[in-house]
1. Test of the criteria: in segment 39-75, which trypsin sites (Lys or Arg not before Pro) are in a DSSP loop and have at most 16 other Cβ atoms within 10 angstrom of their Cβ?
2. What does the charge dipole of segment 52-156 about its Cα centre add up to, to the nearest 20 debye, if the Cβ of each Lys and Arg holds +1 and the Cβ of each Asp and Glu holds -1?
3. Report, ordered by chain and residue number, the lysines lying within cross-link reach of Lys42, taken as a straight Cα distance under 22 Å and ignoring same-chain residues fewer than 8 apart.
4. Enter the angle in degrees (range 0 to 90, nearest 10) between the Cα long axis of helix 196-213 and the first principal axis of the Cα atoms of the chain, meaning the one along which they spread out most.
5. Write down the percent of antiparallel bridges among all DSSP beta bridges whose residues are both part of the chain, to the nearest 5.
6. How about Lys61: which lysines have a C-alpha closer than 18 Å to its C-alpha, ignoring those fewer than 8 places off in the same chain?
7. Go through Pro91, Leu48, Trp108 and say which Cα lies farthest out towards the positive end of the charge dipole of the chain; charges sit on Cβ, +1 for Lys and Arg, -1 for Asp and Glu.
8. Starting with the highest mean, order 81-89, 199-207 by the number of other Cβ atoms within 10 Å, averaged over the residues of each peptide.
Amino acid sequence: MSTFLDIATDALTEIGQVGMGQSVSAEQAAQAQRVANRMLQKWSIQRLMLYLITSRPFNLKVNQQDYSLGATGADFVGARPILIEAAQSTPLNSTLYLPMNILDTPKWGAIRDKGATCSLTGVPSDLWPEYTFPNLTFHVWPIPSAIVTVYLKTWEMLQQFVTLFDQLSLPPGYEPAIVPNLAMELAPYYDMPVSAGLAQLAADGLIQIQKINAQSLGGSLGESRTLATPNLDTPIGAGQPGQ
């Protein structure tokens, strides 16, 4: 897991401004952070969105199956996840974490007794994320009979690099895209030429991000058609769901 300072150091190394074993100065790091955040703004306009992977706890309510999560969520107010990749459930005051099945629409529809409830010590085994907008809705089964905490492993929008020491848990393909593109953005400030190799790395990195964004992550670009983690090896349009 990298920090932004790691990324800035690698980018400055690419253009010869930091040598092996050398540290980035405070001025260089601050400038790299400003340039990187402007780069993120530019990419967001181009719909080249970036994501962070995080784990968030949510306390489920007794006898409640459906939950709304988002900026105006009825149950949980916070960032709307782009994708729920995995989930775990744990009883109150327990150290036991049990994996939950992430269901799609047909599998949720196949559950006959949707009103089934857990035992007092039981936890839901299944979760169906419904990628509604502006808030995400998720449903659990069986319905909890006691307070239960679920931990959702989610993909969320990376708006900006807040500090130099943020721990960045990035999906595969993102860091190899950010480093060379940040290096290219920084090169003019140091009056450094951009090599053909660096330009190619930067272009290839953006293609990887385009692949991810083209797969309609959990409804981020439209109606959700897949709950799978994006496949970076599949070309755009080659058998993608909904294409």
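Every read-out reported here was derived from the displayed coordinates using simple, explicitly stated rules and does not represent laboratory data. Only a predicted model underlies this, so the values are computations on that prediction, with no experimental measurement involved. Positions of Cβ are backbone-derived with ideal geometry, glycine not excepted, and every protein chain shown enters the neighbour counts.
1. Passing both the DSSP loop test and the Cβ count: Arg47, Lys61.
2. On the way: 7 positive and 8 negative charges, 20 e Å.
Here the size comes out at about 100 debye.
3. Straight-line reach from Lys42, under 22 Å: Lys211.
4. So the inclination is approximately 20 degrees.
5. DSSP beta bridges in the chain are roughly 85 percent antiparallel.
6. Lys114
7. Trp108
8. On the way: 81-89: 21.8, 199-207: 15.7.
Top of the packing list down: 81-89, 199-207.
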